[in-house]
Every structure is written in C-alpha cells, then in structure tokens.
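Q: The structure is given below, and queries will be raised subsequently.
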Amino acid sequence: MTHDHDLVLRPTPAQTEAALNPPPGRNGGDLVVETLAGLGATTVFGLPGQHALGMFDALRRSDLRYVGLRVENNAGFAADAYGRITGEAAPLLLSTGPGALTSLAALQEAAAASAPVLAISSQVPTAGLGGGRHGYLHELPDQAASFRGVVKSVHTARTQSQIPSAIEAAWTSALSAPHGPVWVEIPQDVLLAETAIPVVTGGDAFPEELPPRPELTAVAADLLSKAARPAIIAGGGVVRADASKKLRQLAETLQAPVVTTPGGKGAFPWTHPLSLQSWIEDRHTTDFLEDADVLLVVGSGLGELSSNYHTFKPRGRVVQIEADLGKLESNHPALGIHADARLALQALLETVSEREDPTAPERVRATLAKVAERIAAQELTVEQQVLASVRKALPADSPSFWDMTILAYWAWSAFDAKGPNHMHSAQGAGGLGYAFPAALGAAVADPTRPVLAVSGDGGALYSIAELATARQYGLNVTWLIVDDGGYGILREYMTDTFGEATATELTRPDYVALADSFGVPGVRTTPENLEQDLAKHLASPGPSVVLLPAVLRMFAATHLD
C-alpha cells in the first residue's frame, strides 16, 4: 500500500544538474530570496541595514521586485496592505535592532487585522547570540522576545541549511487561518557567508485549512432555522476569508439582518434590504442586536469597537464563528465554532432551513431611520458633506485606506465601501500613520486602480517621508489630508472630559508646498470643492495630495448614555 505521505518528488535531470553545480557567488541571502520566489512571492518591501545587506545584495540576482520605504514601520504598513489586497504573504525585509523594533506597531496592526506579513530580519553575528552582552551594533539580549507577543509565530534560522524550511514554515503560518504577521530572523554572518547549498527551486507550503466541527454547525443551523428574530454581525474574518457571497446567501436564506463591524466593511451590500450597514456604534443598532433571539457572529471577537464599547449585552443565544481561538467566547458566552468563516458559512448553507420573515426588511428600515434621525439632530452637515464628497469622487472599485482621524471614525459607521476588501483602516491596533504607506502597498499590489489615503494632519506627519517613496515608484495614490491643526479627536476627548485640551495642538506646515518639494502635485481645497478636486487627482496618474483645512466634529457617542 502506498500512502500519500510516502510519495517523494524526484528531481528532473536538469534539477539534478543545477543542484550539483550551483552558480558561484551566492550567499545566505540568496537562499532567502530563492525561497521566497519559490513560494510564489513577486514583491518584497523593506529597508536595508548593515546586518541585512546579504539579503539586499541577493535581490539584484533575483526577479523579485523591491519596494523600499523610508521608515520601517511604514514598510510594515505597506506590506500589510499588499497582503490584504492580494491575499498573499507580503515579505518585509528588515535589519537588526532599531530597524526591526521600528516595525512593531505595523506588525501589531497586521496581527489585529489578520493581514499576512512575512517579516524577515537579520540578527547580530552568531557569536553574539545567547543573551550575553558582546557589544555588537544593534545587539539585543533576545530580539525575538520583542515580537513573540505581537506576531503569530516566530521562526529562527541559525545555519544556511535551516533558511528554506524556516521561511516555508513562516509562510504557511502567515496564510493559515487566521492570517497574520510572522517573524523570521537570521544572523548576519549566515546571510553573508558564501553558500554551496543548491539553488532553491520550489516551495511546498500549503496553508492549513480550519474547517468547523460538524456537530457544532448542526446545532447552529438548527438554532438559526428555528429562530424568530435571527441577526448577523459580520467582522473582518468574513473579508479575509473571501466569504462575502456566502454571507449574503445565508442572510437571504434566513432573512436575517446583517450589520458589519469596522473591520468587516463591505462584507454585505450597503443597500441590501437586510443591511443594517455599519452603524454598530449606535444605541438603536445595539438594541436591535440585543433583541435577536439567535445572533450569529462571523469573523469578529466582539471587541471594543464591535460591541459599542462593551455596552452590548445580548439577551438571546449567540453563535460565534471565529478563526482566532483566543477570541472565541472571549467577551460573551456562545456556541463557539473555531473555524475559517468561509468553510463555516458553507457548512451552515448546506444544513439550514429557509425562513420566511416579511417583517425583517421593515425592521431594518425602521432602525436605520432612527439612526439617521439621531445624527440629523446634531447639526453635522459639513461632516456628512465631506464624507459624501469622498464617496462620490472615489471610483466604486478603488480601495481606500484610513488613518485614525475623525473622518475615518465617521467612515467606520457611515461610508459605503462598495464591496469587500475595499475599505481598510488602522482600527485593529489603533496606531497613527497607517493610511498613506498602506495605500502605497495597495498601489503596488494593483496599479490598475487609483487608491485613496485619508489622514489627519497629526497622522500625516508620521508618514510624510513616504511622499519620496510615492514619487520614486510613481505610485497611483491620492492622499487626502484633513488639517485641523492638531490631534482633533484627542482635542474633543480632553475638552469633553477635562474642560480643555492639553498637548493636542500642532504647528501646521504647508502640506501643499511640502508635497511640491517632493515633486508631488498638491491642491488646497474646501468642503464645497472637495469632490471635484479629489476626483480630478484620483483620475490623474501618479501620487498627489489634496489638503482640506477643516475642523470636523464627531457624532455623539451612545455608549456613554
């Protein structure tokens, strides 16, 4: 009897000849780039550094496209977006110590959003490893320890023969549900030393599937089929699993209203009769979800933003589908199903019974009307006008990337993403500076569509150096900067809490002149002219900046009532 795992792929004569006579002049860095190419990578992001030069030298002997950013954290954001857009593990090449550590905030965002990033860092020479203090440049007692609490998995290669297997294992980890960032580190001397190891000619790294347990989906299907008022919360796991069509089919079969979390934007059609849109930070929506007798939560841990800041208290039965085991039932007791959203939704579709509920669309319309009435009573005309102008100017199939800024907080609730995987923000970890470098990564992934980045002036200053990157590579990104002279949302929080704001005001550079100094065209606009100016720049190839000086206000929160 022959078992699948007994089968061995035998090399062809040409592969044997190449293995016996590898080309001269290769080093450990070549094993890195050859393994990446063998796994299917085509593009790498990063920033060179002294200990990592072996990897970067090897790039010129490969067909991999290198996109270099100016700050490691921004390179991480770009790789994050590339992974979200393509579904591939985006390689991120970094140097030891300060270079590696500077990427931590970006890797935290990738982990929170389940974006596949393959970070490969150099290390001090092998003689300096082990926790001693040898005085090497960039030395840390245990560099990997700084990443273990952030990334999905850590992999180490201490010899050249370990490099292909370590990278393959990391690649598999990054792309197995839940997707996420992974970390590989290789000492400087291992990267620089000449190698006699044969050229890496292929990869055998297949992501592990995460199917649901059938006894659990059987119970879930029974609960949903017999429910009087089922409802669905769709999170980022639906988008990452490319399960939006299955979500729609299930919602229609059950006649179950759907609300999407900020991370799940676009997972369900905005104008569908069963769509509660994304008003999850609203008490009317919270009341609707609490009234459900069976609530299906797909691809969300029901964290702070997805539970109206933990004020959501379900009264009915909760069924939670989640690929991240640590998030399963972490906030509410549930029938927990540890599975990839796509596979779990398919299992439910095969077992649920069709429901008839002519009241569901009307209940959805009534709830959305209450939300609209609440917002209308707050006299936030300019804010709604600005967001509407962005939506009208942005092509329906173009992705957008949003920083932690007031307009983004509006967008989480009120922006129609026009489709899955179209709107992305830093809402996972909540760090500043995400939007523009992430948009650059998306433009690298798909240069056929214009990409929009939205930042406040505070967040823009985190990534202003990447205007040089945008110009160097001619990336098709339009950057909308809303300039209110400070950290606007913190100004609001402090004023509301303490009566006045401290440490929130910023000196304002001339962003249009600054963009011009990088060779990037820019324009100063107004709320009235925003749609026209934004549409014009989005339609023009290459990078551009649209500056909107405006003090926007946030709509009143309901979790404080």
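Q: Given the conditions (1) open to solvent by less than 10 Å² (accessible area, probe 1.4 Å); (2) modelled with pLDDT of 95 or more; (3) under 23 Å from the mean Cα position of the chain (by Cα), and given that ALA426 satisfies all but one, which numbered condition is not satisfied?
A: That leaves (2) as the condition not met.
Q: Which condition number does LEU440 fail, the rest of (1) hydrophobic (A, V, I, L, M, F, W, C); (2) touching a helix residue (DSSP H, G or I) at 6+ places or on another chain (Cβ under 7 Å); (3) under 25 Å from GLY235 (Cβ atoms) being met?
A: (3)
Q: Give the residue, chosen from GLU208, GLU185, GLU139, that is of a type in the set (D, E, K, R), in contact (Cβ under 8 Å) with a residue 40 or more places away in the chain and in a loop (DSSP other than H, G, I, E, B).
A: Of GLU208, GLU185, GLU139, the one residue that is of a type in the set (D, E, K, R), in contact (Cβ under 8 Å) with a residue 40 or more places away in the chain and in a loop (DSSP other than H, G, I, E, B) is GLU139.
Q: Among the residues of the range 509-545, what is the count of those that are of a type in the set (Ser, Thr, Tyr), without any contact (Cβ under 8 Å) to a residue 40 or more places away in the chain, more than 17 Å from GLY474 (Cα to Cα) and out of contact with any Asp or Glu (no Cβ under 6 Å at 6 or more places or on another chain)?
A: 1
Q: Would you pick out the residues in the range 390-399 that are touching a residue at least 60 places away in the same chain (Cβ under 8 Å), open to solvent by 10 Å² or more (accessible area, probe 1.4 Å) and over 16 Å from ASN476 (Cα atoms)?
A: Correct list: LYS392 only.
Q: Sort through THR195, THR201 and tell me the only one that's closer than 30 Å to GLY76 by Cβ and in contact with a Lys or Arg (Cβ under 8 Å, 6 or more places away or on another chain).
A: THR195
Q: From the list VAL71, VAL67, VAL124, VAL44, which one is modelled with pLDDT under 95 and either in contact with a strand residue (DSSP E or B) (Cβ under 8 Å, 6 or more places away or on another chain) or not charged (D, E, K, R) (or both)?
A: Being modelled with pLDDT under 95 and either in contact with a strand residue (DSSP E or B) (Cβ under 8 Å, 6 or more places away or on another chain) or not charged (D, E, K, R) (or both) holds for just one of VAL71, VAL67, VAL124, VAL44, which is VAL124.
Q: Something else: If a residue must be in contact with a helix residue (DSSP H, G or I) (Cβ under 6 Å, 6 or more places away or on another chain) and either part of a loop (DSSP other than H, G, I, E, B) or touching a residue at least 60 places away in the same chain (Cβ under 8 Å) (or both), how many such residues does the range 153-182 contain?
A: Qualifying residue count for the region: 10.
Q: Can you tell which of LEU295, LEU335 is crowded, with 21+ Cβ neighbours inside 10 Å and at pLDDT 95 or above?
A: None of the other options fit; the residue is LEU295.
Q: OK, next. Return the residues of the range 104-139 that are farther than 30 Å from ALA435 by Cβ and open to solvent by less than 60 Å² (accessible area, probe 1.4 Å); say none if nothing qualifies.
A: Hits for the range 104-139 are GLN123, VAL124, PRO125, THR126, GLY128, LEU129, GLY131, GLY132, GLU139.
This table checks each residue for (1) modelled with pLDDT under 95; (2) surrounded by 16 or more Cβ atoms within 10 Å (Cβ to Cβ).
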residue	(1), (2)
TYR462	no, yes
GLY474	no, no
VAL477	no, yes
TYR493	yes, no
ALA513	no, no
GLY519	no, no
GLU528	no, no
HIS537	no, yes
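Q: Write out, first by first residue and then by second, each pair whose Cβ atoms fall under 6 Å of each other, whose residues are 6+ apart or on separate chains, and whose first residue, in the range 343-361, is among the charged types (D, E, K, R) while the second is open to solvent by less than 60 Å² (accessible area, probe 1.4 Å).
A: GLU354/THR253; ARG355/LEU254; ARG355/GLN255; ASP357/GLN255
Q: Still on this structure, please answer the following. Would you be able to tell me the number of residues in the range 268-280 that are surrounded by fewer than 24 Cβ atoms within 10 Å (Cβ to Cβ) and assigned to a loop (DSSP other than H, G, I, E, B)?
A: Within the range 268-280, residues that are surrounded by fewer than 24 Cβ atoms within 10 Å (Cβ to Cβ) and assigned to a loop (DSSP other than H, G, I, E, B) number 6.
The values are calculated or read from the model by the stated rules, or taken from the named source; none is laboratory data. Since the model is a prediction, treat every value here as computed from it, not as a measurement. For neighbour counting, all protein chains shown are included, and Cβ atoms are generated from backbone atoms with ideal geometry for every residue, glycine included. Ligands, DNA and RNA are stripped out before the accessible areas are found, and what is left, the full protein with its side chains, is counted by its heavy atoms. Shrake-Rupley method; radii C 1.70, N 1.55, O 1.52, S 1.80 Å.
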